[in-house]
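Encoded as structure tokens, the structure appears first; notes follow it.
The values are calculated or read from the model by the stated rules, or taken from the named source; none is laboratory data. This structure is a prediction, so every number in the text was calculated from the model and none was measured. All Cβ positions, glycine included, derive from the backbone under ideal geometry; neighbour counts span all protein chains shown. Areas reflect the complete protein model, heavy atoms only, side chains present, ligands, DNA and RNA absent. Shrake-Rupley method; radii C 1.70, N 1.55, O 1.52, S 1.80 Å.
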Amino acid sequence: MSQFRKSILPILLTGIWINVSETVRWELLVKSYWIEHYQDMNLVFPSALMNGITWMIWGFFLAFSIFIISKKFNLIQTTLLSWFMVFVMLWVVLWNINVFPVTILFIVVPLSWIEVFVATWICKKLQLK
């Protein structure tokens, strides 16, 4: 039970937070930007069930990464390192292949940083117990 409380529970709860945060941000704030951007390129935005499952898995990979990084660094260092490695690099790649609607940056930058900060805080808090 102690291994569960030390590692699996923080990763699980952090992953749930990340996936809820991503879903809310996506559905309420930026989905229309992506769909319109793809339509402008004469493409259909990929929104099949498998895409959603893949993003959910991505959220738990991010939670695992934050958990590992948070063992070595403090709250702010882990947040900045994780946020940069995941979000900033993702946006650069998507922009490079011309599928990123840059107009959403004013929404996604602060919200993604808050998402990673809270995820890191969850990991840190549960590691102390």
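Among the residues of the range 87-98, is there at least one that is without any contact (Cβ under 8 Å) to a residue 60 or more places away in the chain, under 21 Å from residue 12 (Cα atoms), open to solvent by less than 70 Å² (accessible area, probe 1.4 Å) and out of contact with any strand residue (DSSP E or B) (no Cβ under 9 Å at 6 or more places or on another chain)? Steps first, answer last, please.
Step one: filter the range 87-98 for residues without any contact (Cβ under 8 Å) to a residue 60 or more places away in the chain, giving 87-98.
Keeping just the survivors that are under 21 Å from residue 12 (Cα atoms) gives 87.
Then keep just the ones that are open to solvent by less than 70 Å² (accessible area, probe 1.4 Å); that gives 87.
Now drop any that are not out of contact with any strand residue (DSSP E or B) (no Cβ under 9 Å at 6 or more places or on another chain), which leaves 87.
Yes: one or more hits.
Within the set of pairs 6+ apart or on separate chains, which have a first residue in the range 9-20 that is farther than 16 Å from residue 79 by Cβ, a second that is not aliphatic (A, V, I, L, M), and C-beta atoms under 6 Å apart?
Note: pairs meeting the criteria are 11/64; 11/67; 15/59; 15/60; 19/59.
Assess whether residue 126 counts as being surrounded by 14 or more Cβ atoms within 10 Å (Cβ to Cβ), assigned to a helix (DSSP H, G or I) and without any contact (Cβ under 8 Å) to a residue 12 or more places away in the chain.
Details: surrounded by 14 or more Cβ atoms within 10 Å (Cβ to Cβ): yes; assigned to a helix (DSSP H, G or I): yes; without any contact (Cβ under 8 Å) to a residue 12 or more places away in the chain: no.
Answer is no for this residue.
Return the only residue of 7, 82 being over 12 Å from the mean Cα position of the chain (by Cα), among the small types (Gly, Ala, Ser) and open to solvent by less than 60 Å² (accessible area, probe 1.4 Å). Before you say what the answer is, go through the steps one by one.
Working: 82 fails: over 12 Å from the mean Cα position of the chain (by Cα).
The unique qualifying residue is 7.
Are any residues in the range 99-122 open to solvent by 50 Å² or more (accessible area, probe 1.4 Å), under 15 Å from residue 34 (Cα atoms) and in contact (Cβ under 8 Å) with a residue 40 or more places away in the chain, and if so, which ones?
The one that is open to solvent by 50 Å² or more (accessible area, probe 1.4 Å), under 15 Å from residue 34 (Cα atoms) and in contact (Cβ under 8 Å) with a residue 40 or more places away in the chain: 103.
Out of the residues in the range 18-73 that are polar (S, T, N, Q) and either touching a Cys at 6+ places or on another chain (Cβ under 7 Å) or over 22 Å from residue 109 (Cβ atoms) (or both), state the one that is surrounded by the fewest Cβ atoms within 10 Å (Cβ to Cβ).
We begin by selecting, within the range 18-73, every residue polar (S, T, N, Q); these are 19, 21, 23, 32, 39, 42, 47, 51, 54, 65, 70.
Filter once more, keeping what is either touching a Cys at 6+ places or on another chain (Cβ under 7 Å) or over 22 Å from residue 109 (Cβ atoms) (or both): 39, 42, 47, 51, 54, 70.
Working: 39: 11, 42: 6, 47: 12, 51: 11, 54: 12, 70: 25.
Filtering first and then ranking leaves 42.
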